[in-house]
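The values are calculated or read from the model by the stated rules, or taken from the named source; none is laboratory data. Since the model is a prediction, treat every value here as computed from it, not as a measurement. Using ideal geometry, Cβ is built from the backbone for each residue, glycine included, and neighbour counts are taken over all protein chains shown. Ligands, DNA and RNA are excluded from the accessible area calculation, which covers all protein heavy atoms including side chains. Shrake-Rupley method; radii C 1.70, N 1.55, O 1.52, S 1.80 Å.
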Amino acid sequence: KENSTRENNVAKIKVVVRKRPLNKKEVSRKEDDIVTVCDDSYLAVHEPKLKVDLTAYVEKHEFCFDAVLDQHVTNDEVYRNTVEPIIPTIFQRTKATCFAYGQTGSGKTYTMQPLPIRAAEDLVRLLRQPVYRNQRFKLWLSYFEIYGGKLFDLLSDRKKLCMREDGRQQVCIVGLQEFEVSDVQIVKEFIERGNAARSTGSTGANEESSRSHAILQLVVKKHNEVKDSKRNNNNDGNESRIGKVVGKISFIDLAGSERGADTTDNDRQTRIEGAEINKSLLALKECIRALDNDQIHIPFRGSKLTEVLRDSFVGNSRTVMISCISPNAGSCEHTLNTLRYADRVK
Ligand code: ADP
Ligand code: MG
């Protein structure tokens, strides 16, 4: 009883905005910083505009979120504001998701990268406590990508994966490699390995990876010693498939939000990818809204992204949306789009 009360104190959905500092290029171009963080939940965007007679004026847009993180906030503070409160709930059957949303260059990867490492640190520490060690709980990691509506394993040579649902609404990604995590160094290595495997085309790494969603999952499983070792002998599958999922957290570095607008590009492939990204970001918004309204029907069939995360949208779930924004005047339109998206999520 006490546990469930504590768990309910962690908001089901939390929307956080993070502003990055102006970068060197923007400073050298003397671009204005148009985003003002007013307090820890409130920000204003000062949009430069021209009247018909070409006199310049500024239109002010104000937004309120669960938390607004200013440019000097560290990654560690981001962790404490977003993922840390969720960690204990993972042991209480919670499926959690943490998204980084925003235009390319707004700081999604910068924000997302350290989070699973810190989370694994805390999870490993909890797992070492006698109460969990005696129950044979273990932590597993997987890392895959959704690119053009298809799944690729980032930890096994970009092997193409497919998804299956079992009768109990559990999502199974067939062939996805899971690795046991016993210390944090391993997590860092897997992240580096996975990042090196992310979509890179002729146009260069960052350009291509901005068209894919990268999903890193940390899963706590409970293992039954006797039964598992027996089944392991008959089954060449790896042990992680045998353990029973207790809870999990997924870290999703979303495709650049501006990519969803690539639907009129001259290049056919770019158009198809743009349409897929647009569809998935819209579907994601609808799913989170449905969650927030405690709707029975969650429209997860809207896209591959939401289908893959299906089991995290039902039952005991926690969602953190970190919306990353660029402060420079040149990004104003994208910044407003990102803030409006975040606003509608909740
Ligand atoms: P995205 O993944 O959204 O395309 P990145 O995370 O790659 O963006 O960030 C773009 C650049 O800005 C990187 O060089 C990154 O180091 C820098 N950056 C992003 N956010 C911050 C921040 N909060 N503080 C300092 N530098 C940042
Ligand atoms: Mg990135």
Identify which of SER41, SER199, SER142 has the largest mean-square fluctuation in a Gaussian network model of the chain, with springs joining Cα atoms closer than 10 Å.
SER41
Inter-label distance for ALA275 and GLU121, nm, one decimal - labels placed 7 Å from Cα along Cα-to-Cβ:
4.5
Averaged per residue, the 1.4 Å probe accessible area of the stretch 2-345, protein heavy atoms only, in Å², is roughly 48
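Tally up the carbon and sulfur contribution to the accessible surface of the chain as a whole percent, 1.4 Å probe, everything protein left in place.
Numbers: 7960 of 16760 Å².
Percent of accessible area from carbon and sulfur atoms in the chain: 48.
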Between ALA56 and ASP294, what is the label-to-label distance in nm when each label sits 7 Å out along the Cα-to-Cβ direction?
5.1
Return the whole-Å distance between the Cα centroid of the stretch 247-315 and the Cα centroid of the stretch 153-181.
18
What lysines could a cross-link reach from LYS19, if we take a straight Cα to Cα line under 26 Å and drop same-chain neighbours fewer than 8 places away?
LYS30, LYS49, LYS60, LYS108, LYS188, LYS279, LYS285, LYS346
quick note, the chain, DSSP beta bridge pairs, % antiparallel (nearest 5) is 65
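Can you give the FRET efficiency to the nearest 0.05 for ILE186 and LYS160, using r as the Cβ-Cβ distance and R₀ = 22 Å?
On the way: r = 25 Å, r/R0 = 1.13.
Calculated value: 0.30.
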Taking 0.36 nm per residue of separation and subtracting the Cα-Cα distance, what length does fully extending GLN170 through ASP76 add?
30.6 nm
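Can you compute the FRET efficiency between ARG193 and SER41 using 1/(1 + (r/R0)^6), with r the Cβ-Cβ distance and R0 = 22 Å? Round to the nearest 0.05. Before the final figure, lay out each step's value.
Values: r = 38 Å, r/R0 = 1.71.
The formula returns an efficiency of 0.05 here.
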With a point put 7 Å past each Cα toward its Cβ, work out how far GLN92 is from ASN23 in nm, to one decimal.
4.1
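If the chain between ARG268 and VAL131 were fully stretched, how many nm would it gain, using 0.36 nm times the residue separation less the Cα-Cα distance?
Details: separation 137, 0.36 × 137 = 49.32 nm, distance 5.52 nm.
Extra length from ARG268 to VAL131 when fully extended: 43.8 nm.
Would you mind computing Rg(Cα) / (2.2 N^0.38 Å) for the chain, counting N as its residues? Could you put the intermediate results ahead of the total?
On the way: Rg = 20.9 Å, N = 346, 2.2 N^0.38 = 20.3 Å.
Against the empirical 2.2 N^0.38 Å value, I get 1.03 for the chain.
Please give the calculated 222 nm ellipticity per residue for the chain, where each DSSP H segment of at least 4 residues contributes -39500 (n - 2.57) and the sum is spread over every residue; nearest 500 deg cm²/dmol?
On the way: 12 runs with 115 residues, N = 346.
Rounded to the nearest 500, it is -9500 deg cm²/dmol.
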Karplus couplings for the stretch 212-224 from phi (6.51 cos²θ - 1.76 cosθ + 1.60, θ = phi - 60°), rounded to Hz, Gly and Pro as x?
10, 9, 9, 10, 10, 10, 10, 10, 8, 10, 9, 10, 9
Under a 5 Å amide H to amide H cut-off, with H placed in plane at 1.01 Å, what residues pair with CYS38 once short-range neighbours are removed?
LEU43, ALA44
